[in-house]
1. Could you give every pair whose Cβ atoms fall below 7 Å, whose first residue belongs to segment 257-273 and is without any contact (Cβ under 8 Å) to a residue 40 or more places away in the chain, and whose second residue is surrounded by fewer than 16 Cβ atoms within 10 Å (Cβ to Cβ) and not polar (S, T, N, Q), counting only separations of at least 6 or pairs across chains?
2. Out of everything in segment 169-204 that is part of a loop (DSSP other than H, G, I, E, B) and without any contact (Cβ under 8 Å) to a residue 12 or more places away in the chain, what residue ends up being least open to solvent (accessible area, probe 1.4 Å)?
3. Can you give me the number of residues within segment 10-49 that are farther than 30 Å from P156 by Cα and in a strand (DSSP E or B)?
4. Let me confirm something: among F99, F128, which residue is crowded, with 24+ Cβ neighbours inside 10 Å and without any contact (Cβ under 8 Å) to a residue 24 or more places away in the chain?
5. Scan segment 96-139 residue by residue and report those that are assigned to a strand (DSSP E or B), under 23 Å from H264 (Cβ atoms) and not aliphatic (A, V, I, L, M).
6. Determine whether segment 258-269 contains at least one residue that is part of a helix (DSSP H, G or I) and open to solvent by 50 Å² or more (accessible area, probe 1.4 Å).
7. In segment 229-257, what count of residues is obtained for those that are under 20 Å from S142 (Cβ atoms) and open to solvent by 30 Å² or more (accessible area, probe 1.4 Å)?
8. Kindly provide the set of residues from segment 57-93 that are touching a helix residue (DSSP H, G or I) at 6+ places or on another chain (Cβ under 6 Å) and over 17 Å from T9 (Cα atoms), ordered by number.
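The values are calculated or read from the model by the stated rules, or taken from the named source; none is laboratory data. Everything numeric in this text was worked out from a predicted model, so none of it was measured. Positions of Cβ are generated from backbone atoms using ideal geometry, with glycine treated the same way; all protein chains shown enter the neighbour counts. Side chains included, ligands, DNA and RNA excluded: accessible areas come from the protein's heavy atoms. Shrake-Rupley method; radii C 1.70, N 1.55, O 1.52, S 1.80 Å.
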Amino acid sequence: MSSNSTLVTQIESPHSTEGKPLALFLPGLSGNNRQWDSVLALMSEKQVQLAYGAPILAHSAFDGARPGVVQLGRAMDAELRARGHDGDVVVVTHSVGAFVALAMAHEAPDVVKSLVIVNGGLTSVARFIDSPLRQLYRHPSSSWDYLRLFALVGAPVPGALKRAIASRRWSSRAVAGRFVSDAAMESAEQREALIAEAGKFETLFSLRQNRHHWHEFQAYAPEIRTPVHFIVGDRDPMTSERDTRVMAGLLPNAEVTVLRGVGHAAPLEAAQTVATAIEAALEA
């Protein structure tokens with residue numbers, strides 16, 4: 001790992017937060033931290049440290065290479081430990097970031113206090129990535145949903161075009177389809193947060209590199225004693241309530257909250273509920 005690179009980026013706070021617990025926000029597959037905008041706005045006045053964690057993409061910390069899920073989790077654990085964090089870190093994740101967070105909890109329970117996993121019950125998605133042809137044959141409808149979302153987050157779209165799409169509700173809806181509810185489309189800021197950082201071709205390479213992680217996760221899931229709070233929208237086609245409960249059932253200490261009328265962008269669609277869950281985890 002390069003000595004001059006960092007995987008954890010502190011978010012500036014208007015208050016002194018030294019010695020306070022840390023909420024570490026991990027993005028989904030495309031590395032879109034903008035999806036946390038609404039949640040962070042609600043938490044900005046809290047007496048806690050806030051930071052972004054690196055996505056599962058190429059990073060200078062790995063000499064420009066793309067890390068594996070466990071490799072990335074272990075490296076962020078080491079960085080947090082070096083910064084003096086000792087059981088005071090709540091890792092908050094969206095979508096595929098769930099697997100990095102779970103790896104972090106498994107590798108360093110002395111650092112990670114608990115996890116809040118939003119839209120991250122990826123049981124069927126992980127099985128599809130591991131064996132796409134088999135799952136496409138067995139579950140064609142849901143498999144096409146997964147392929148469509150992978151295309152959306154992996155298609156390299158110029159920034160100007162993304163901003164143009166986000167400026168209008170109808171074009172944003174045309175792109176997002178049924179993956180999110182109308183709550184994510186209410187303002188131009190929300191639509192931009194949803195779309196602005198999506199669309200990176202590299203995500204497809206990262207997806208391929210980690211395509212068999214599901215088996216590794218299943219092997220160590222029973223060893224994760226860290227409290228895990230899953231939050232899922234009942235309109236999320238990627239991480240259904242059923243899939244989330246199956247994934248939670250693999251863990252010794254997990255709970256599930258279902259949000260009615262919410263899709264795959266709960267940090268934008270139900271920001272207050274997500275922020276409240278994070279605050280409860282920090283205070284526990």
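1. Partner pairs satisfying both residue conditions: V258/D234; L259/D234; R260/D234.
2. Applying the filter and picking the extreme gives S187.
3. Counting residues in segment 10-49 that are farther than 30 Å from P156 by Cα and in a strand (DSSP E or B) gives 3.
4. F128
5. Correct list: S114 only.
6. Taking every residue of segment 258-269 in turn, none turns out to be part of a helix (DSSP H, G or I) and open to solvent by 50 Å² or more (accessible area, probe 1.4 Å).
7. Going through segment 229-257 one residue at a time, the tally reaches 10.
8. R66, V69, V70
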